[in-house]
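Single-structure report; data block below.
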Amino acid sequence: MELNPLIIFIAAIFTSNILLTNFLGMCSFLSVSKEVESSLGLGMAVVFVMTITSALNYAVYHFILVPLDIIYLQYIIFIIVIAAFVQLTEMIIERFSPILYYSLGIFLPLITVNCAILGVSLFMVIRNYTFLQSIAYGAGSGLGWLLAILALAGIRQKVKEKYVPAGLAGAGLSLIITGIMALAFVGFSGIVVIQ
Amino acid sequence: MKKKEIFITSAFTENSVWRQILGICSALAVTNLMMNSLVMGLGVIFTLALSGFTISLIRDYIPKRIRMMVQTLIIASYVIIVDLFLRANYPEISKALGPYVGLIITNCIIMGRAEAFAGKNSPFDSMIDGIGAGVGYTFVLLVIAFVREIFGFGTLFGFQVMGDWWTKWSIMVMAPSAFFMLAILIWIINTPKKQVG
């Protein structure tokens, strides 16, 4: 079935949010979400890298891996593409825009190990997306991730001063907030359904 | 350090999931069924043990600058073995786990152990440390999966344990409950002892 890329884009942001329904990118999600500014920086970097790498990995998968019949190497190839792209972006930004580098650059190394990036590429292959669908899915997932981390950072700043039971402070509390957010996002599931 | 000590430390006292909050992506994603969690856990133990061994073995020959890249490639090679093994022998489970087998590569626990332990210790110690961290991880997965499967499906490992009277809690099958369960587990374990007693 051919899905409109726009529908995939919307669905990736709301109904099948990469973080809240597929649990990808949790590590940096929990550790960076202390402040809104840094969350925004990381989120933007994720949107950018995710969109481009989903396009790159699409090309690599369909024009190199499939013709050569080496699909079993996809994990290694995908991770190399992602790491190389992140490294390249970091170098380019550092060279041409020091200001952007200071706001965004420090987050780039974190992204190679963000499992959401690799996850998007793998989902794209499993679901047999076309090129446009893949880009829409990558961009949508990135935006969905940005939305989730911004929301968590906002809430965490609000509850920072409040009393919480000792064992729950920190990661436990963030997870509960995320759980409630995930519950709220379930409410979006009426909009569009994919998969 | 003695071998047993290394194992206990990395499996429980310094458990990656509840002490360092690492590797929780997959801990959340596969825990709606016990079987999936067990297979995932075994895959992670295998990858952790062998990548720890390999990285420790060649740690003096890895150039510092590209260390992360080399480690990732070693980890990815073992993950491919796990993936191919599952596809060949257990196609059903492989399908259910979907991309999460591949995502073992970016599981922060493995990179974390490689950086924190295998880079400094002997190959066999690293292997034991890897198995320990993997067992600790599997333990967390199984605890969460136990609760989610029994409430969500009324089964354990696919066997019916609750009678027909049991109303399935569909929330337990859905995503939010995974967050809540992990939060509760972390809460219980991190609560200081004197508050409990």
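The values are calculated or read from the model by the stated rules, or taken from the named source; none is laboratory data. Keep in mind that what you see is a predicted model, and the values were worked out from it rather than measured. Methodologically, a virtual Cβ is constructed for each residue, glycine included, from the backbone with ideal geometry; neighbour enumeration extends over all protein chains shown.
Screening the candidates B:Ile8, B:Ile45, B:Ile109 for the property of being assigned to a helix (DSSP H, G or I), under 22 Å from B:Gly132 (Cβ atoms) and in contact with a Leu (Cβ under 6 Å, 6 or more places away or on another chain) yields one hit, B:Ile109. If you go through the stretch A:139-165 and keep only what is outside any helix (DSSP H, G or I) and more than 11 Å from every other protein chain (Cβ to nearest Cβ), you end up with A:Lys160, A:Glu161, A:Lys162, A:Tyr163.
Matching residues to (1) more than 15 Å from the chain's Cα centre (by Cα); (2) surrounded by fewer than 17 Cβ atoms within 10 Å (Cβ to Cβ):
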{"residue": "B:Thr106", "(1), (2)": "no, no"}
{"residue": "B:Glu115", "(1), (2)": "yes, yes"}
{"residue": "B:Ser126", "(1), (2)": "yes, no"}
{"residue": "B:Val135", "(1), (2)": "no, no"}
{"residue": "B:Thr138", "(1), (2)": "no, no"}
{"residue": "B:Gly152", "(1), (2)": "yes, no"}
{"residue": "B:Met162", "(1), (2)": "yes, yes"}
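For the stretch A:116-132, the set of residues classified as buried (at least 23 other Cβ atoms within 10 Å of the Cβ), over 9 Å from the mean Cα position of the chain (by Cα) and closer than 16 Å to A:Ala11 by Cα consists of A:Phe123, A:Met124, listed by residue number.
Matching residues to (1) more than 14 Å from chain A (Cβ to nearest Cβ); (2) closer than 30 Å to A:Ile76 by Cα:
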position: B:Cys108; (1), (2): no, yes
position: B:Ser126; (1), (2): yes, yes
position: B:Phe139; (1), (2): yes, yes
position: B:Phe151; (1), (2): yes, no
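Only a single item in (1) surrounded by fewer than 17 Cβ atoms within 10 Å (Cβ to Cβ); (2) within 14 Å of chain A (Cβ to nearest Cβ); (3) not small (Gly, Ala, Ser) is not met by B:Phe180, and it is number (1). Filtering B:Leu33, B:Leu48 for residues that are buried (at least 19 other Cβ atoms within 10 Å of the Cβ) and in contact with a Gly (Cβ under 7 Å, 6 or more places away or on another chain) leaves a single hit, B:Leu48. Reported count of residues in the stretch B:1-24, each being within 16 Å of A:Met26 (Cβ to Cβ) and exposed (fewer than 15 other Cβ atoms within 10 Å of the Cβ), is 0.
Of a type in the set (A, V, I, L, M, F, W, C), away from chain A (no Cβ under 14 Å) and not in a helix (DSSP H, G or I): is that true of B:Met162 in this structure? It is true that B:Met162 is of a type in the set (A, V, I, L, M, F, W, C), away from chain A (no Cβ under 14 Å) and not in a helix (DSSP H, G or I).
No other residue among A:Phe14, A:Phe9, A:Phe29, A:Phe85 is of a type in the set (Phe, Trp, Tyr), surrounded by 15 or more Cβ atoms within 10 Å (Cβ to Cβ) and within 24 Å of B:Ile109 (Cβ to Cβ) apart from A:Phe29. Among the residues of this structure, A:Leu168 does not count as one that is hydrophobic (A, V, I, L, M, F, W, C) and away from chain B (no Cβ under 12 Å). Only one entry of A:Lys158, A:Lys162 meets the criterion of being modelled with pLDDT under 85, among the basic types (Lys, Arg) and surrounded by fewer than 17 Cβ atoms within 10 Å (Cβ to Cβ), and that entry is A:Lys162.
So that you can scan it fast, the table gives a plain yes or no per residue for (1) of a type in the set (Gly, Ala, Ser); (2) in contact with an Asp or Glu (Cβ under 9 Å, 6 or more places away or on another chain); (3) on the phi > 0 side of the Ramachandran plot:
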position	(1), (2), (3)
B:Ser26	yes, no, no
B:Val30	no, no, no
B:Ser37	yes, yes, no
B:Leu42	no, no, no
B:Ile45	no, no, no
B:Ile58	no, no, no
B:Lys64	no, no, no
B:Met68	no, yes, no
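When you look at B:Gly154, is it on the phi > 0 side of the Ramachandran plot and in contact with a strand residue (DSSP E or B) (Cβ under 8 Å, 6 or more places away or on another chain), yes or no? Here the answer is yes, as B:Gly154 does meet what is asked.
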